Amino acid sequence: MNKKLKEDDKTEFKSELNDKLEKVVVSFLNSRTGGDIYIGIADNGAVLGVNNPDKIQLAITDRIKNNILPTTLGLFDVYTEEINNKTIIHVVVSSGTEKPYYIKSFGMSPAGCYMRIGSGVKQMDVKMIDGFYASRTRNSLRNITSPRHGGHTFAQLKIYYEERGFQLNDAFLHNLDLYTADDKLNYVAYLLADTNSISIKVAKYAGVDKCDLIENEEYGYCSIVKATQRVLDKLEIENKTFTKITGEAKRLERRMINSNALREAFINAVVHNDYTREVSPVVEIYSNRLAITSYGGLVERLSLEEFFNGRSMPRNRELMRVFHDLDLVEHLGSGMNRILKAYDKSIFHISDNFLEIVFPYEEEYTLSLQQVTPQVTPQVTPQVKKLVLVILEMMSRDEIQEKIGLKDRKSFMK
């Protein structure tokens with residue numbers, strides 16, 4: 001991989017890991033957009049590479065987690081990249097919502113608070129520190145007490161973590177930042193608990209509008225991670241594969257919607273949704289498109305340009321951290337790049353309160369539906385629907401699967 005490298009207000013180079021790391025991270029946390037730190041690149045952009053990248057990654061993660069306040073969990077990512085055939089460390093830092101961030105050992109003072117000026121860092125003065133503190137976002141999920149008093153269990157969440165090799169201990173919930181300042185389980189804990197009142201709605205319509213609702217399902221009342229996985233399974237089934245005949249008389253297998261873009265869009269909707277109003281994401285499936293809507297619009301102070309450029313400013317950093325741990329999210333800001341690689345910006349519809357992504361189906365798929373003989377469907381569909389309803393009243397899904405010899409649930413649903 002080759003890239004033109006240049007230091008600026010969003011990019012910092014370091015030839016090696018040194019004692020200035022925390023200052024740079026704090027300056028990006030306190031900035032509007034966050035930034036990128038590259039370890040193993042000289043100030044002039046020359047790629048030097050690093051030795052022992054795994055050891056350096058661990059050291060960076062440990063220092064950012066333990067040496068900076070407020071908590072930075074879910075606001076940064078550390079991974080390796082290959083540039084000009086050399087290994088460097090890429091640290092992605094998001095803009096935080098609890099400014100001012102500061103170096104723990106110096107406290108919330110000019111010696112601990114930094115801001116980004118061009119390609120350098122500068123200490124904040126007392127007036128700026130006080131201004132940031134006064135405007136801190138106080139309605140984050142971490143600061144909202146869970147609406148359920150007692151009875152929280154997290155068996156589902158622990159299974160997901162254990163399946164990915166995490167060793168859990170008694171501090172598991174504290175490590176995930178699931179408590180308020182007065183040591184009560186917070187709203188994030190409520191979303192991740194085995195039972196809650198949150199559900200993600202998936203509606204399916206026969207046509208291009210909402211006149212003929214043929215399916216209305218809710219996925220939830222369980223850990224938001226489990227609900228997300230269930231909806232992803234549903235979208236995998238709905239995103240049908242069809243055969244496209246190319247000009248060279250070759251058969252090409254295609255999906256109605258780009259699978260990577262669809263997955264990223266839905267996960268982003270879950271992670272960045274504003275749950276403070278108890279509104280959940282919604283998926284709507286039409287005959288010519290699929291729409292995913294989340295509540296909250298753009299995160300405050302994030303511009304449209306920054307949004308499309310993939311600058312990550314997590315609305316719910318605790319959820320972002322969990323989804324990242326469980327490999328549902330790869331790198332901060334990477335989801336937008338995957339969506340825009342397959343579609344242009346016109347699929348996004350953004351207002352003050354909502355963010356909707358509308359995926360049109362592949363043109364060849366839509367045309368193939370139009371070529372189906374129109375007389376068949378009206379005669380068959382009502383009888384099939386009645387038959388299915390009668391059978392479902394007599395037997396459960398598992399029993400029906402067993403009777404017809406289908407072991408795979410996805411195959412049965414199709």
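The values are calculated or read from the model by the stated rules, or taken from the named source; none is laboratory data. The shown structure was predicted, so the numbers you read here are calculated from the model rather than taken from an experiment. Methodologically, a virtual Cβ is constructed for each residue, glycine included, from the backbone with ideal geometry; neighbour enumeration extends over all protein chains shown.
Worth a mention:
- Among residues of the range 105-129, those that are exposed (fewer than 13 other Cβ atoms within 10 Å of the Cβ) and among the charged types (D, E, K, R), counted: 2
- Helices (runs of 4 or more DSSP H) completely within the range 268-387 that count 3 or more residues being under 30 Å from GLU163 (Cβ atoms) and either modelled with pLDDT under 90 or in contact with a Phe, Trp or Tyr (Cβ under 7 Å, 6 or more places away or on another chain) (or both): 334-342
- Any hit, the range 261-275, residues being over 14 Å from the mean Cα position of the chain (by Cα) and loosely packed, with under 14 Cβ neighbours inside 10 Å: no
- For the range 20-30, a tally of residues being within 11 Å of LYS10 (Cα to Cα) and surrounded by fewer than 21 Cβ atoms within 10 Å (Cβ to Cβ) returns 1.
- Matching entry among LEU192, LEU157, LEU141 (being at pLDDT below 90, of a type outside the set (Phe, Trp, Tyr) and within 29 Å of LYS234 (Cα to Cα)): LEU141
- Within the option set ALA269, ALA265, ALA291, being in contact with a helix residue (DSSP H, G or I) (Cβ under 7 Å, 6 or more places away or on another chain) and either more than 21 Å from LEU191 (Cβ to Cβ) or not hydroxyl-bearing (Ser, Thr, Tyr) (or both) holds for one residue only, ALA265.
- Within the span defined as the range 250-258, one or more residues are in contact with a Lys or Arg (Cβ under 6 Å, 6 or more places away or on another chain) and among the aliphatic types (A, V, I, L, M).
- Among the candidates ALA42, ALA46, residue that is free of Cβ contacts under 8 Å to residues at least 24 places away in the same chain, closer than 21 Å to GLY120 by Cα and out of contact with any helix residue (DSSP H, G or I) (no Cβ under 6 Å at 6 or more places or on another chain): ALA46
- Only residues that are closer than 22 Å to ASN273 by Cα and either modelled with pLDDT of 90 or more or in the same structural domain as ARG311 (by TED's automatic domain parsing) (or both) were counted across the range 96-134, and they come to 1.
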